[in-house]
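Student: Below you will find the structure I want to go over with you.
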Amino acid sequence: MDKLIATGGGPLQGRIRVSGAKNAALPLMISSLLTEETLRISNIPHLHDITTTMELLGQLGVKLQVDEKLAIEADASEVDSVTAPYDLVKTMRASILVLGPLTSRFGRAEVSLPGGCAIGSRPVNLHIKGLEAMGAEIRIENGYIIADTGGKRLRGARIFMDLISVTGTENIMMAATLADGVTTIENAAREPEVVDLADCLNAMGAKISGAGGDEIVIEGVERLHGADHRVIPDRIEAGTFLVAAAISGGKIRINDVVPRHIESVLDKLRETGCVIEEGDNWIELTAPVGRLRSVNIRTAPYPAFPTDMQAQFVLLNSVADGTATVVETVFENRYMHVHELQRMGAQIELDGNTAVIRGVRQLHAAPVMATDLRASACLVLAGLVARGETIIDRIYHIDRGYDCIEEKLAQLGASIRRVPGHYLERRSA
Ligand code: EPZ
């Protein structure tokens, strides 16, 4: 397992382009299961989760081609399996997204229950409840979700999501596109990735309205056709790089981003004293001279502050001037980065889902361990502002969600490199 070495240095400066959004690309690729025609998706990020999704679709019989511009063409005309096996699902929870499309188009699906993960138990009861409401018989057997429509088409239903779930909304929305009748999803997730999926499904001939709001209406159709869709930019990658520039006292411009997708993050960065300018598809951040001001954060579903940016703001507050609280309301165990930051000198008190952070002038380097995707990015950023050489272990978490993070950070002047797993930290003299 490789490691990353980040050395504390000066301000990050320059411009970068963010990749396509992982959390949009995954459901978009999986929506190819809903049609026998070819679906072409461009602006796909080069991530491990994308490779896993291609492997999963391949195992179902979807024919995949990657064209010269790294767009993916998926052809599900000869799907010959409806089973998503445990050995794949356990590496990527988003595999659960094949449940709706397989059940809706083929009348049957066998999907391994995704285990929990580092950040929480991650139940899928809402996915199951939605499909049952549309007429699927669902039972759990040997760790698998077995869905069966008895050879009938799913039927439209009114479904109330008692918790706002991004993939829950996406799974039900995809299934509903081929159902007989109208499905209404109430208390739906409003994330931009849900809207991007709805836009693609409509381009494929679906009849979806209201995506982006809390009530989505899907009028079922007989079949969907192919389409050509570009993945939206990754708002979390963009937010991560903005925090890197802010805490290093730098100035960066991010291209090919949708500012309103991270309005809540931009708002908080302005509160820390950063100057932010934005255009249709770019954001420019200039950090203040001197230290950032601490900011209180409370994560919640979109359009509120995203849980995927929580770790990065715990880091920001760790080196800001003042004391701040961060409240994580979405996942029950998303503070693993705190223990690693404390080893670097951060002053953080954890009390349940609340972190109280007293900013210090500078963190110091230490060997740390990544535990989940966004926590690992926060540790890389911490290494860029800590005194000395920080070695981040278990960086496969990063490779799942950040496309070439060390190249992009190095492009902005960061001192960061990837080393083989056996590399040992030199004891500082
Ligand atoms: C999506 O996860 C994202 N993943 C996550 O990004 C993101 O953190 C999360 O939404 C919240 O924004 C993808 O889109 C692939 P949820 P998802 O269902 O859909 C509870 C990253 O870093 N819940 O919205 O799996 C659940 O326990 C990842 O890129 C149920 O109780 O999250 C949680 O408390 C991490 N029952 C809350 O809802 C269900 O059936 C939100 O989970 C489903 C969810």
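Every number here is computed from the coordinates shown, using simple stated rules; none is lab data. Small disclaimer: the values here were computed from a predicted structure and weren't measured. Positions of Cβ are generated from backbone atoms using ideal geometry, with glycine treated the same way; all protein chains shown enter the neighbour counts.
Student: On a straight-distance basis, which lysines could pair with LYS90 in a cross-link, Cα separation under 19 angstrom, same-chain partners fewer than 8 positions away excluded?
Tutor: Of all the lysines, those that pass the test against LYS90 - Cα under 19 Å, at least 8 places apart if same chain - are LYS22.
Student: So, one more: In Å and from the alpha-carbon atoms only, list the Rg and Dmax of region 71-228.
Tutor: Cα radius of gyration and Dmax of region 71-228 are 14.6, 40 Å respectively.
Student: If the reach is capped at under 29 angstrom between alpha carbons, list the lysines near LYS152, excluding any in the same chain fewer than eight residues apart.
Tutor: Hits, sequence-local ones excluded: LYS63, LYS129, LYS207.
Student: Further question: Within straight cross-link reach of LYS408, meaning Cα distance under 16 Å, which lysines are found once same-chain residues fewer than 8 apart are removed?
Tutor: LYS251
Student: State the three equivalent ellipsoid semi-axes of region 304-429, derived from the C-alpha gyration tensor as the square roots of 5 times its eigenvalues, in descending order and whole Å.
Tutor: 23, 17, 13
Student: Can you give me the pair-distance distribution of region 282-335, C-alpha pairs, 10 Å bins, whole percents?
Tutor: 23, 47, 27, 3
Student: Further question on the same structure: Tell me the angle of helix 235-247 to the major Cα principal axis of the chain, expressed in degrees between 0 and 90 and rounded to the nearest ten.
Tutor: Long axis of 235-247 versus the principal axis of the chain: about 0 degrees.
Student: List the residues whose amide H sits under 5 Å from the amide H of ARG15, counting only those 5 or more places along or on another chain, with H placed 1.01 Å from N in the peptide plane.
Tutor: Here ARG253 satisfy the definition.
Student: Report the net charge of residues surrounding PRO45, where surrounding means a beta-carbon distance below 14 angstrom and charges are Lys +1, Arg +1, Asp -1, Glu -1.
Tutor: Spelling it out: positives minus negatives among the neighbours equals -2.
Student: Using θ = phi - 60° and the Karplus curve 6.51 cos²θ - 1.76 cosθ + 1.60, what whole-Hz ³J(HN,Hα) does each residue of region 363-378 get, with Gly and Pro shown as x?
Tutor: 3J(HN,Hα) across region 363-378, in whole Hz: 7, 10, 4, 6, x, 10, 10, 6, 10, 8, 3, 7, 5, 5, 5, 5.
Student: What is the pair-distance distribution P(r) of the chain, computed from all Cα-Cα distances in 20 Å bins starting at 0, with each bin given as a whole percent?
Tutor: 27, 55, 18, 0
Student: A further question on this structure: How far apart, in nm, are two points set 7 Å out from the Cα along the Cα-to-Cβ line at SER415 and at LYS129?
Tutor: 5.3 nm
Student: Roughly how big is the chain's charge dipole about its Cα centre, with Cβ charges of +1 (Lys, Arg) and -1 (Asp, Glu), in debye to the nearest 20?
Tutor: So the magnitude is around 1300 debye.
Student: Tell me which residues come under 5 Å, amide H to amide H, from ALA84 once H is placed; ignore anything under 5 positions away on its chain.
Tutor: Residues meeting the amide H criterion: GLU110, VAL111, SER112.
Student: Once label points are set 7 Å from the Cα along Cα→Cβ at both ASP214 and ASN296, what is their separation, rounded to one decimal in nm?
Tutor: Going by the 7 Å Cα→Cβ label model, 2.2 nm.
Student: Sticking with this one: Using alpha carbons only, how many degrees (0 to 90, rounded to 10) separate the axis of helix 192-203 from the longest principal axis of the chain?
Tutor: Between the helix axis and the principal axis of the chain, the angle is about 30 degrees.
Student: Rg to Rh for region 332-374: what is it, with Cα atoms only and Rh by Kirkwood?
Tutor: Value, to two decimals: 0.96.
Student: By how many degrees, 0 to 90 and rounded to 10, does the Cα axis of helix 166-176 deviate from the longest principal axis of the chain?
Tutor: Compared with the principal axis, the helix lies near 20 degrees.
Student: Ok, one more. Using modelled amide H (1.01 Å from N, peptide plane; none on Pro or chain starts), what sits under 5 Å from the amide H of GLU191, excluding residues fewer than 5 places away?
Tutor: For GLU191, the qualifying residues are TYR302.
Student: Okay, moving on. List, largest first, the extents of the alpha carbons of region 27-159 along their principal axes, each in whole Å.
Tutor: Rounded to whole Å, the extents work out to 42, 36, 26 Å.
Student: So for region 173-249, what percent of the C-alpha to C-alpha distances run longer than 18 Å?
Tutor: So the pairs more than 18 Å apart make up 49 percent of the total in region 173-249.
Student: Ok, one more. Once the cut-off is 17 Å, how many percent of the Cα-Cα pairs in region 148-197 end up in the long-distance tail?
Tutor: Roughly 35 percent, once rounded to a whole number.
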